[in-house]
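First comes the structure, then the notes that go with it.
The values are calculated or read from the model by the stated rules, or taken from the named source; none is laboratory data. What you are looking at is a predicted structure, and each value in this text was computed from that prediction instead of being measured. Quick reminder, even Gly has a Cβ in these numbers, built from the backbone with ideal geometry, and neighbours come from all protein chains shown. Heavy atoms of the whole protein, side chains included, go into the accessibility calculation; ligands, DNA and RNA do not. Shrake-Rupley method; radii C 1.70, N 1.55, O 1.52, S 1.80 Å.
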Amino acid sequence: MRKTIIALATPPLKSALAVIRVSGDEAFNITDSLFNKKISTVKSRSSFVGKISDKHGMVIDEVVLLAYPAPRSMTGENVVEIFCHGNPLIADDIIKAYLENGAIYATRGEFTERAFLNGKVDLIEAEAVNDLINSTTREARALSLKSLSGQASTLVINLKNQLGKLIGLIETNIDYPEYDDVEEANQELIKKEVKPLQKQIEKILSSGTEARFVHEGIKVALIGKPNVGKSSLLNALVKKDKALVSAIPGTTRDIVEGDVFYDGLMFHFYDTAGLHESSDFLEGLGIKKTQEIVSEADVLLWIKESEDKDEPLPVQKKQDQILIVVYNKDDLKTPPNNELHTSALKGEVENVLKAIRDKAITSEQTFSLPSLANKRQLSLLGRINSDLKQALEDNEEGAPLDLISASLLSAYQGLKALVGEEVSSDLEDEVFGNFCVGK
Ligand code: GDP
């Protein structure tokens, strides 16, 4: 039997109301001992108005209380939600009264974890709860809601079922080659079945990568030689005097950053301390930070002046990083033909924002299709994709069925892991540890 858990579901601040959530087998019994109405006999979702008292019989507050009998509750257990007056002292005393009667304080994400363990939500839906709470734009919120309502899970479950059927057929062919009434799992059939699956996974993977930008924003590192105008461009982009602009090369000694919301996307800009070697200790520190920022960036915005046209890229670009070159100071110097250009000094930077958005989001469907976009989901999708590719390749080369089946089985397990069937407890910690308490 799992212990009954309790947590404050709203922030611990003074407000009109605070909500406390309780879940577990004993949630109703404990409530009976503190509340002036009996709730343990309710058979369906019910609401009450009454008084909660501490163990000495002192009334703590008059509250509204919702009782959700198992299994028709958020966690699948008996759940009580208490709406008390929004003074943290009141909420604290109510929680204390429950703790004294056998409840324990919930850990991060424990309510959602229980919902997952009791089959109320799958892992993708559970992750969406967290994404929804943490979304910083309307666009991210809309995507999270799609996942929360199961649209992304349905995609995965359909693929899993299709693949499961095929594996079943192949296995039957391996185990009972003498059966005539079973469809033959020949090269052609395997290709016909696996190819569309693999293409679909590839599509989900690439739209997920773009959807990650919608959820998490885009990290853009401004790189380039000292004095090309990185700090000035950052200021122009975020429309604030954030970065120190100076005519002396190498004056940006720390990472200066700023956020801009543009056309449905959050951009996180990082100005960098020049990448040139420096004997100055402080600047040396800045260079180390720069390297970190550059390696974590989604987009490298390389700022140049027209005379630097043939200079090599001053940093190592990773394969999945987007590189955009922009020629600055076009008020002074004519930029090369057909190249993106701007004047940070004049503040004409809308075209730079648009260029980044166009490269990062190649399809507007990214904003509307259900997506799998967090690191865990993307890395699993990558694995599933390569398993399916491997199966196709082996099939093409006429490899034995059991070898092909092994790759397909690995992809199948990947799909199961995506929705959280047979998850390891480490993974659970990782997923639910990111939550707030009370969720
Ligand atoms: P950083 O070292 O790359 O960060 O360069 P800064 O932003 O500090 O700029 C270096 C110098 O170039 C400063 O004197 C800026 O005023 C100047 N500058 C930056 N952008 C422009 C621009 O678009 N046009 C002109 N004319 N000067 C600029």
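Assorted remarks:
- Solvent accessible area, Å² - VAL121, 1.4 Å probe, full protein context: 40 Å²
- Count Lys and Arg as plus one, Asp and Glu as minus one, and take only other residues whose Cβ is under 9 Å from that of VAL326; the net charge is then 0.
- The LEU13 and TYR105 beta-carbon pair, evaluated with R₀ = 25 Å, returns a calculated FRET efficiency of approximately 0.85.
- Scaled to the globular estimate 2.2 N^0.38 Å, the Cα spread of the chain, given as radius of gyration, is 1.27.
- Relative contact order for the stretch 96-159, counting Cα pairs under 8 Å that sit 6 or more residues apart, in percent: 25 percent
- Seen from GLU296, the other residues with C-beta closer than 14 Å to its C-beta sum to a net charge of +2, counting Lys and Arg as +1 and Asp and Glu as -1.
- Total formal charge among the other residues, if their Cβ is under 12 angstrom from that of ARG2, Lys/Arg +1 and Asp/Glu -1: -3
- Per-residue surface analysis assigns ARG383 an accessible area of about 100 Å², computed on protein heavy atoms at 1.4 Å probe radius.
- Here the stretch 1-160 yields Rg over Rh of 1.02, to two decimals, using C-alpha coordinates and the Kirkwood radius.
- Placing unit charges on the Cβ atoms only, positive for Lys and Arg and negative for Asp and Glu, gives the chain a dipole magnitude near 1820 debye about its Cα centre.
- With R₀ fixed at 22 Å, the C-beta to C-beta distance from LYS309 to ASN351 puts the FRET efficiency at about 0.70.
- Solvent-accessible surface (1.4 angstrom probe) belonging to HIS215, in square angstrom, nearest 10: 40 Å²
- Summary of packing: across the peptides 403-414, 138-149, the per-residue average of other C-beta atoms within 10 Å ranks them, highest first, as 403-414, 138-149.
- Computed over the stretch 334-410, the ratio Rg/Rh where both radii use C-alpha atoms and Rh is Kirkwood: 1.30
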